[in-house]
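Okay, so here's the structure we're looking at.
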Amino acid sequence: MKQRTDAVFTYDNPAYFNNREISWLRFNQRVLEEALNRNNPILERLKFISIFSSNLDEFFMIRVAGLMDQVKANFNKPDNKSGLTASEQLTAVSKETHRLVQVQNQIYQEQVHALAQAKIQIKAIEGLTIEELNWLADYFTERIFPILTPIAIHMYQPFPLLANKSLNMIVRLCSLTDKSEKTALIQVPELIKRTIQIKHTDQYILLEEVIIYYLNLLFPNDEVISTTVFRITRNADMTIHEEDVRDLLKAIESELHKREWGAVVRLEIDQHYSDFNVVQFLAKMYDIHDADLYFLPGPLDFTFLNAFYSQIKACYPELAYHPVQPQYTHELNKDQSIFMQVKSHDVLLHHPYDSFETTIKLLTEAAHDPDVLAIKQTLYRASKYSPIIKCLETAALAGKQVTVLVELKARFDEENNVHWAKKLERAGCHVIYGISGLKTHSKICLIVRRGEQSVERYLHLSTGNYNEQTATLYTDLALITTRDALVDDATHFFNFLCGATEIPKLNGLSIAPHNLKNTFLSLIDREILNQKQFGTGRIIAKMNALTDKTIIMKLYQASQTGVSIDLIVRGICCLKPGIPGVSDQIRVHSIVGRFLEHSRIYYFYNNGDDQYYLSSADWMTRNLERRIELMFPILQANHQQRIYEILQLSITDNTNRRIQLSDGTYQLVVPNQNDPIINSQSIFQQLAESSSYN
């Protein structure tokens with residue numbers, strides 16, 4: 001292989017990069033493809049369709065909305081990797097999304113047919129018997145009719161303001177008495193299940209179809225000319241100029257009220273229930289162009305399948321995944337104090353296979369232990385009924401010094417975090433909101449305790465949030481340690497977060513945006529040097545997304561030196577592998593499975609002196625330059641071995657893994673006839689249930 005020695009700018013070529021938005025859509029396609037995977041139970045396949053829809057909603061509310069804002073502002077500068085302008089990206093996104101939503105509907109119909117094989121039917125009203133229709137009429141009259149409020153639409157009155165993602169219908173009517181025409185708007189109630197179960201059967205009817213079928217009861221003196229079912233998606237991005245805002249909490253609360261009423265960025269129409277004139281009216285009113293108009297076979301908004309999943313699973317648990325029982329880590333004795341045990345060794349947790357209960361127990365002990373003097377913690381996303389919050393409140397009420405950084409700008413968790421910030425303050429916690437202009441995305445908790453000889457410090461670091469609910473759904477890694485270098489760094493880190501000191505010189509931790517990016521570049525450079533000197537360059541990195549151009553070009557440089565590189569990237573990947581003369585030595589893997597792969601692991605062979613790091617940061621520019629992130633080393637030998645096994649199983653998985661081709665598309669890895677089946681997530685669960693890691 002010919003090796004290059006020219007400057008890094010050699011790789012600054014749009015042909016060498018995947019566009020960020022198209023790469024994200026390809027990730028969401030991988031999510032959708034899981035709805036076709038017969039290894040997944042039928043209810044799980046329906047849930048993947050729901051996840052695809054929910055993901056797409058957020059994509060339009062944030063990413064597409066941002067591109068539209070650029071176009072409106074006449075910002076024509078191409079993006080710095082793929083070289084596409086905002087307008088060109090919108091065109092590409094529209095084309096790809098129109099294709100994907102048609103595929104989604106086809107997959108939905110196939111899975112509805114598969115569900116029927118299990119004797120559970122989502123069907124049309126026309127298929128009901130007279131007896132069932134009579135029952136449904138009573139149901140409509142008693143439970144739906146009283147909620148509905150048709151609103152007349154007049155030319156001389158403003159069109160009603162419709163909430164983001166709400167499902168609505170416009171009905172055109174003709175009076176039976178004077179033949180005059182009128183138009184009414186009906187919002188499909190959000191607090192009623194979209195799937196109505198016909199009594200004493202396993203048959204389900206969609207709510208909007210029931211409303212349409214009984215419109216004559218809503219409009220007894222009119223004839224229905226047409227019904228148009230539609231859904232709008234609004235710009236939900238929040239822009240907070242912190243340097244101009246004295247009270248960040250109040251500013252966030254103010255912006256939250258505006259989120260539901262941003263500009264419309266997508267209009268979806270059920271093509272079975274549509275009137276051309278009404279659609280034209282809506283498109284004009286919302287300033288929607290053809291590219292942002294989606295005619296779908298129906299139903300609209302497949303996120304209803306998430307609630308349907310729970311509804312059916314309660315009665316048919318065999319149609320969903322078998323429950324996973326997270327294990328209390330084998331590294332600790334559950335009946336003994338965590339404080340006493342971690343003095344002698346670090347503890348590594350791999351969620352959801354290792355239970356999050358260990359983390360809750362650590363905070364619970366800290367809250368009730370009279371020798372604990374202080375707790376310092378960051379919170380990015382907490383659950384609605386967070387036991388972590390309860391522990392912090394209890395500790396503060398007991399007189400301990402509790403300092404909590406609550407990130408108010410955590411997207412779509414702003415309202416929840418405002419609530420927690422106020423609650424923690426009322427309990428006596430010292431609540432801070434971080435550093436202006438930067439999101440605090442790091443996951444860290446430091447506990448200070450009175451020891452027999454001196455003050456002791458206990459540190460919890462993680463790749464994932466302090467959220468016991470997502471810890472059952474996301475794969476993450478966490479470390480509990482008392483190592484001097486790390487707890488010293490943590491102490492300085494919290495002083496920095498509170499604004500009392502400058503960014504400190506650290507011995508074990510790396511911080512973004514201070515030095516983390518340069519640390520990564522130096523580690524890659526070292527593998528390049530080792531490859532040149534010893535032929536041993538090796539990198540394995542696992543993350544959620546890879547978008548940073550400088551990192552990508554450095555990886556291209558490493559590839560051309562001969563460094564062997566495996567990247568396990570669940571979502572967006574702007575790097576293209578396998579390009580001759582550019583990325584020959586790079587392989588990109590993506591795993592979409594039962595659990596969302598969320599852990600960030602960075603491994604460097606270092607000519608035999610292997611180095612392992614975990615981090616809250618992906619290789620994204622926003623993580624490395626616009627967020628406060630942490631990376632921490634894994635130093636205990638058995639933990640290093642465990643992480644290496646995680647990486648190896650991930651790159652040999654032949655059940656859920658896909659590989660990226662040089663054109664940016666992905667291909668599912670299928671085992672050969674005699675190959676053993678490797679499902680990495682299943683194996684991790686088996687290992688957690690045994691004592692294999694001890």
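The values are calculated or read from the model by the stated rules, or taken from the named source; none is laboratory data. Nothing here was measured: the structure is a model prediction, and the numbers come from that model. Quick reminder, even Gly has a Cβ in these numbers, built from the backbone with ideal geometry, and neighbours come from all protein chains shown.
Can you find a residue that is assigned to a strand (DSSP E or B), of a type outside the set (Phe, Trp, Tyr) and under 23 Å from Glu629 (Cβ atoms) anywhere in the stretch 408-422? Steps first, answer last, please.
Filtering the stretch 408-422 for residues assigned to a strand (DSSP E or B) gives none.
Within the stretch 408-422, not a single residue is assigned to a strand (DSSP E or B), of a type outside the set (Phe, Trp, Tyr) and under 23 Å from Glu629 (Cβ atoms).
The rows are residues; the columns are (1) more than 25 Å from the chain's Cα centre (by Cα); (2) farther than 22 Å from Asp369 by Cα; (3) of a type in the set (A, V, I, L, M, F, W, C); (4) in the same structural domain as Ala382 (by TED's automatic domain parsing).
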position	(1), (2), (3), (4)
Ala427	yes, no, yes, yes
Gly437	no, yes, no, yes
Lys443	no, yes, no, yes
Ile447	yes, no, yes, yes
Gly451	yes, no, no, yes
Tyr458	yes, no, no, yes
Leu473	no, yes, yes, yes
Leu477	no, yes, yes, yes
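For (1) farther than 22 Å from Tyr644 by Cα; (2) at pLDDT below 95, each residue gets a yes or a no:
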residue: Asp488; (1), (2): yes, no
residue: Phe496; (1), (2): yes, yes
residue: Leu509; (1), (2): no, no
residue: Ala512; (1), (2): yes, no
residue: Leu523; (1), (2): no, no
residue: Gln531; (1), (2): no, no
residue: Thr547; (1), (2): yes, no
residue: Ile551; (1), (2): yes, no
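Please determine whether any residue of the stretch 572-583 is surrounded by fewer than 23 Cβ atoms within 10 Å (Cβ to Cβ), of a type in the set (Ser, Thr, Tyr) and at negative phi.
No; the residues of the stretch 572-583 include none that is surrounded by fewer than 23 Cβ atoms within 10 Å (Cβ to Cβ), of a type in the set (Ser, Thr, Tyr) and at negative phi.
Please specify each residue of the stretch 281-337 satisfying the condition of being on the phi > 0 side of the Ramachandran plot and within 27 Å of the chain's Cα centre (by Cα).
Of all residues in the stretch 281-337, those on the phi > 0 side of the Ramachandran plot come to 287, 298, 301.
Correct list: Gly298, Asp301.
Those residues that are of a type in the set (A, V, I, L, M), surrounded by fewer than 20 Cβ atoms within 10 Å (Cβ to Cβ) and not in a helix (DSSP H, G or I), I need them from the stretch 272-317; list them, please.
Scanning the stretch 272-317 gives Ile288, Leu293, Ala314.
So which residues in the stretch 225-238 are surrounded by fewer than 18 Cβ atoms within 10 Å (Cβ to Cβ) and modelled with pLDDT of 95 or more, if there are any at all?
Residues satisfying the conditions are Ile225, Ser226.
Considering Lys423, Lys400, which residue is crowded, with 18+ Cβ neighbours inside 10 Å and among the basic types (Lys, Arg)? Give the derivation first.
Numbers: Lys423 fails: crowded, with 18+ Cβ neighbours inside 10 Å.
Of the residues listed, the single one that is crowded, with 18+ Cβ neighbours inside 10 Å and among the basic types (Lys, Arg) is Lys400.
So Ile435 passes all but one of these: (1) closer than 20 Å to Thr501 by Cβ; (2) hydrophobic (A, V, I, L, M, F, W, C); (3) touching a Lys or Arg at 6+ places or on another chain (Cβ under 6 Å). Which condition number does it fail?
Of the numbered conditions (1) closer than 20 Å to Thr501 by Cβ; (2) hydrophobic (A, V, I, L, M, F, W, C); (3) touching a Lys or Arg at 6+ places or on another chain (Cβ under 6 Å), the odd one out for Ile435 is (3).
List, please: which pairs have Cβ atoms under 6 Å, are six or more places apart or on different chains, and start with a residue in the stretch 212-226 that is closer than 17 Å to Val188 by Cα and end with one that is polar (S, T, N, Q) and surrounded by 15 or more Cβ atoms within 10 Å (Cβ to Cβ)?
Ile212/Thr227
Within the stretch 391-433, work out how many residues are touching a helix residue (DSSP H, G or I) at 6+ places or on another chain (Cβ under 6 Å) and not aliphatic (A, V, I, L, M).
Count: 8.
When you go through Leu668, Leu687 one by one, which is the residue that is aliphatic (A, V, I, L, M), touching a helix residue (DSSP H, G or I) at 6+ places or on another chain (Cβ under 9 Å) and within 22 Å of Gln327 (Cα to Cα)?
Details: Leu668 fails: within 22 Å of Gln327 (Cα to Cα).
From the options Leu668, Leu687, the qualifying one is Leu687.
Within the stretch 489-544, can you find the residues that are surrounded by fewer than 21 Cβ atoms within 10 Å (Cβ to Cβ), among the aliphatic types (A, V, I, L, M) and not in a helix (DSSP H, G or I)?
Of everything in the stretch 489-544, those that are surrounded by fewer than 21 Cβ atoms within 10 Å (Cβ to Cβ), among the aliphatic types (A, V, I, L, M) and not in a helix (DSSP H, G or I) turn out to be Ala500, Ile503, Leu506.
Within the stretch 432-447, track down each residue that is touching a strand residue (DSSP E or B) at 6+ places or on another chain (Cβ under 6 Å) and surrounded by fewer than 21 Cβ atoms within 10 Å (Cβ to Cβ). Break it down stepwise before answering.
Step one: filter the stretch 432-447 for residues touching a strand residue (DSSP E or B) at 6+ places or on another chain (Cβ under 6 Å), giving 432, 434, 438-447.
Ile432, Leu438, Lys439 - these are the residues of the stretch 432-447 that are touching a strand residue (DSSP E or B) at 6+ places or on another chain (Cβ under 6 Å) and surrounded by fewer than 21 Cβ atoms within 10 Å (Cβ to Cβ).
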